[in-house]
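See below for the structure under consideration.
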Amino acid sequence: MAEIQCPNCGKPNPDTAETCQHCGEPLGSGSDWMNEIQEQADGMAPGPGGSSPFAPVEPSEVEQPAEENGGLAEGEVPEWLQRIRAKQAADEGGGDDFSALRPGFSDEQDQEAEQGLETVEGRGPVGGVGPGGKDQEPADRAAEPEDIRAGFGFGSDSDPDYAPYEKSAEPDTGIPSWLAQSDEPQPPAGAQPAGGTESDQPEGGLPHVPALLGEQPVGLSAEELGVPDWLGEVEQSEEGGEETLKGRRPAAAAPPDLERATLPNWLEAMRPVDTFRSVVQIDAEDDQTIESIGPLAGLRGVLMAEPVVAMPRTSTVGAMQLEVSERQYAQAELLQQLITEEESSEPAAPRRRTRLAIFRWAIAAVTVVAAALPVLTGAPSFALPGLEPKELGALFDLVDRLPPDRPALFVFDYDPGNTGELDAVAGALLDQVMGRGLPVASVSTRPTGAPQALYTMHRYASRHGYVEGSDMVHLGYLSGGPAAVQLFASNPRGAILKGFALPEEMKSAGQTAWDSPTLERVSSLSDFSIVAVITAGSETARLWVEQAGSALGETPLVMVLSAAAEPLVRPYYEASQPQIDGILTGLPAAVAYEQRNGRFGLALDRWNGFGAGMLAAELVLLAGAGYGLVRWVMARREA
Amino acid sequence: MRLIRLSAIWAAIALGVGLFVLLGYFVDLEFVTGLRILFMQWAVLLAAAALLVGLVNLAAVHWRKVSLSDEGWLYSGVLILALLVTLILAVFFGPDAPISLFIFNNLQLPLESSLMAIMSVTLLLAGFRVVARRRDLFSLLFLLVTLLVLLGTAPALGGTESGTVASLRELRNWISQVWAAGGARGILLGVALGATATGLRVLMAVDRPYGS
């Protein structure tokens, strides 16, 4: 019954076992994945040599491709490879003398190298990474460089001292003599290390460089080591051929047994790749400085960081300035803004204060109630003005002296919004004029003036029995602004051609306002007995004063104004040479005028409401002042 | 070259018309007066045409707001509807027809009077806020002047015209006829000077509102 030796523990197992009975390691022949690979390999077509791609490589097969494919010319093959080939040729020829291939090596050194190789071969199958992927034992690894060194010609199978390491005569130290010699700082005289000639090495060269070349890492390919492809192939073939010659399993997959002289990861990461010094000058160990700072503090002989840091060189900061257009910059800004907005939390919307417009509604309510209360209830009642404006008597006397055969002209130049005030003020004057029986005519420079005049005059016309067309007439709208007033003052009949709201008999007869009995004797502005301008704006008053004043002649010009327009119109009246002959302003003056006239009209009707509204306004303002004072005092107390 | 000639023609026309109208104030010649009246009639016709142009422009602006559904387009629609109704009624029945007078007496007059009433309330509210929130010298001055003018204008309570009430009326008249009238005269003087300067600049073709 055949036995299978465990690649892990080396103990024998039955050939039917799939795993090791001692350590449980899967045996190579029984692994599923190995079987699958083997089946695939069996199914594949044989290679050029008629063998499977996974078949052991024979030395002849290794050399054959190089020769057949042209490989390397004889002169291009490195010296160390030539020595290997010579060694193989000597093996095939049974010769043991490799001294010719190893100039500079003494026989003792050769023997010790051979001893090291024998040590590796004598411990059975070459270890390494087994099927299970486990590493080899450290003791096995210790012999691995020697194996490689043997491949470079430092040892021979035919040496008489070739023996396993366990059987060596120097077991006490655990270090073979050849390894002790290799640790010496200076190589043997005349020895030419593999990997280069003596001239390639710097003066005082690195003693460990050849060893590093020989210490190929376990399982690392030639590409990973930076070895050319052709060299990697040759090395694998060489090793396989050597093992084959020794009747052992090919060691192509067998890694070296020595631990790789690796640097710590952090140190390897810090290793300068492109050093700024082409030649590294390594001082003696005693002369090397000890790193004082950084992660390498306390270590000797490390590369100095100061030259790299402090060496003057071109700063990379600012060397890369992007050429950005305005549009790209704007887009970048927009992107940044978007990101910022996404990152920033949106503040909660402040809770909107449900604020009632209390003051607004309260003031409106107070005003409306105050104005409506006297009309609805008759209270409160305000005393009639005991004093009248000083100009009121002059105006009253002026109207009282007007000739009764000449019509009075009323200019209604105010908007319907001012009807509440100006209807009452104008009504007082109109009532006096109509009371005297003067013919009345109206005109307006506003589109709404004509119906406004009709509306206002109708109230007093009915009171005094005035008839449209005979006692009063409406000229209507005088369009054109100042030019129209100028034209009307110069030629009234040319400025207004038809009239407004004429009686049907006049319309049917084709008559105009100038054909009415009221205006039949009027051809200029001076033909009127009086011109009364009813307006709420100082501009209109100024317009009539300036444009029509020169055409009035002896006809008096009277202004019926709202209280707001009084300050700007009064200078025309109070001048040394007045341009206005009379002025009637505001509701109090209208009430006083009605009192003087002896007939009450709209002014008196609105007197109590006017008084209550004014009183409410005063109270509201006082309340506002008090409220502000209270807030100020409270704010000071809180402060 | 052509532009210079045209501008010179326009300036000559404006200068001639202005001088003739101005001359009519000082020279009592029938030719000059007749020509001045003719120019004034043209001006009135142009002003009436300008009023129509303004009316069309107003309608177009609000029609654009309605067609684009801008903010407040509903009000613009009401304005256009009222304009069309009033215009059609006035054109067909006349501006002094009963229906036109009805629209004025029952729509326009109350609406504009109500707007004036709202304005009085708004002004009163503004005064309240001024005296309630601003605590400085000007708000105090505003409060005092307003109270004095109101007290001097408003009817006296109690049915009496006491000496205090008479004093308030005199104080009110002093404020209105001295301080306010003094400021108004200054304004009127400035307006008169400005109008005179503007008229002279137009007559001398320095200002050319008709185009250069």
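The values are calculated or read from the model by the stated rules, or taken from the named source; none is laboratory data. On a predicted model such as this, the values are computed, not experimentally measured, just so you know. Heads up, the Cβs are rebuilt from the backbone with ideal geometry, glycines too, and the neighbour counts pull from every protein chain shown.
Results for (1) free of Cβ contacts under 8 Å to residues at least 40 places away in the same chain; (2) surrounded by 22 or more Cβ atoms within 10 Å (Cβ to Cβ); (3) of a type in the set (Asp, Glu), shown as yes or no for each residue.
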| residue | (1), (2), (3) |
| --- | --- |
| A:Met472 | no, yes, no |
| A:Tyr477 | yes, no, no |
| A:Gln486 | no, yes, no |
| A:Asn491 | yes, no, no |
| A:Pro503 | yes, no, no |
| A:Ala509 | yes, no, no |
| A:Asp515 | yes, no, yes |
| A:Phe528 | no, yes, no |
Test result for A:Ala370, free of Cβ contacts under 8 Å to residues at least 60 places away in the same chain and part of a helix (DSSP H, G or I): no
Selection count, segment B:121-151, where residues are facing another protein chain (nearest Cβ under 7 Å) and either in contact with a Ser or Thr (Cβ under 7 Å, 6 or more places away or on another chain) or within 26 Å of B:Val78 (Cα to Cα) (or both): 4
Residues that are in contact (Cβ under 8 Å) with a residue 60 or more places away in the chain and either surrounded by 20 or more Cβ atoms within 10 Å (Cβ to Cβ) or more than 13 Å from every other protein chain (Cβ to nearest Cβ) (or both), drawn from segment A:440-461: A:Val440, A:Ala441, A:Thr445, A:Tyr460
Residue under evaluation A:Met634, criteria (1) part of a helix (DSSP H, G or I); (2) touching a residue at least 40 places away in the same chain (Cβ under 8 Å); (3) more than 10 Å from every other protein chain (Cβ to nearest Cβ), criterion not met: (2)
Identity of the residue in segment B:190-206, surrounded by fewer than 16 Cβ atoms within 10 Å (Cβ to Cβ) and either within 9 Å of another protein chain (Cβ to nearest Cβ) or not in a helix (DSSP H, G or I) (or both), that ends up nearest to the chain's Cα centre (by Cα): B:Val191
Helices (runs of 4 or more DSSP H) (entirely within segment B:64-150) containing at least 1 residues that are in contact with a strand residue (DSSP E or B) (Cβ under 9 Å, 6 or more places away or on another chain): none
Of all residues making up segment A:442-473, the number that are assigned to a helix (DSSP H, G or I) and aromatic (Phe, Trp, Tyr): 2
Flag if A:Val569 is facing chain B (nearest Cβ under 10 Å), aliphatic (A, V, I, L, M) and either touching a strand residue (DSSP E or B) at 6+ places or on another chain (Cβ under 8 Å) or in contact (Cβ under 8 Å) with a residue 24 or more places away in the chain (or both): yes
Condition met for B:Gly34 (closer than 30 Å to A:Ala489 by Cα, exposed (fewer than 14 other Cβ atoms within 10 Å of the Cβ), of a type outside the set (A, V, I, L, M, F, W, C) and at pLDDT 90 or above): no
Test: residue in segment A:401-411 that is more than 22 Å from A:Tyr477 (Cα to Cα) and assigned to a helix (DSSP H, G or I): no
Matching residues in segment A:462-484 - criterion: being more than 10 Å from chain B (Cβ to nearest Cβ) and touching a helix residue (DSSP H, G or I) at 6+ places or on another chain (Cβ under 7 Å): A:His464, A:Tyr466, A:Gly469, A:Met472, A:Val473, A:Leu475
Cβ-Cβ under 6 Å pairs, at least 6 apart or on other chains, segment A:604-628 side more than 7 Å from every other protein chain (Cβ to nearest Cβ), far side outside any helix (DSSP H, G or I) and surrounded by 21 or more Cβ atoms within 10 Å (Cβ to Cβ): A:Asn608/A:Phe382
Within segment B:161-171, considering residues that are modelled with pLDDT of 80 or more and either under 19 Å from A:Gln579 (Cβ atoms) or more than 10 Å from chain A (Cβ to nearest Cβ) (or both), the one nearest to the chain's Cα centre (by Cα): B:Leu171
Single residue of segment A:573-587 satisfying the filter (within 12 Å of chain B (Cβ to nearest Cβ) and at pLDDT 90 or above) that is nearest to A:Gly386 (Cα to Cα): A:Leu587
Residues of segment A:370-406 that turn out to be more than 9 Å from chain B (Cβ to nearest Cβ) and either aromatic (Phe, Trp, Tyr) or touching a helix residue (DSSP H, G or I) at 6+ places or on another chain (Cβ under 8 Å) (or both), as a count: 17
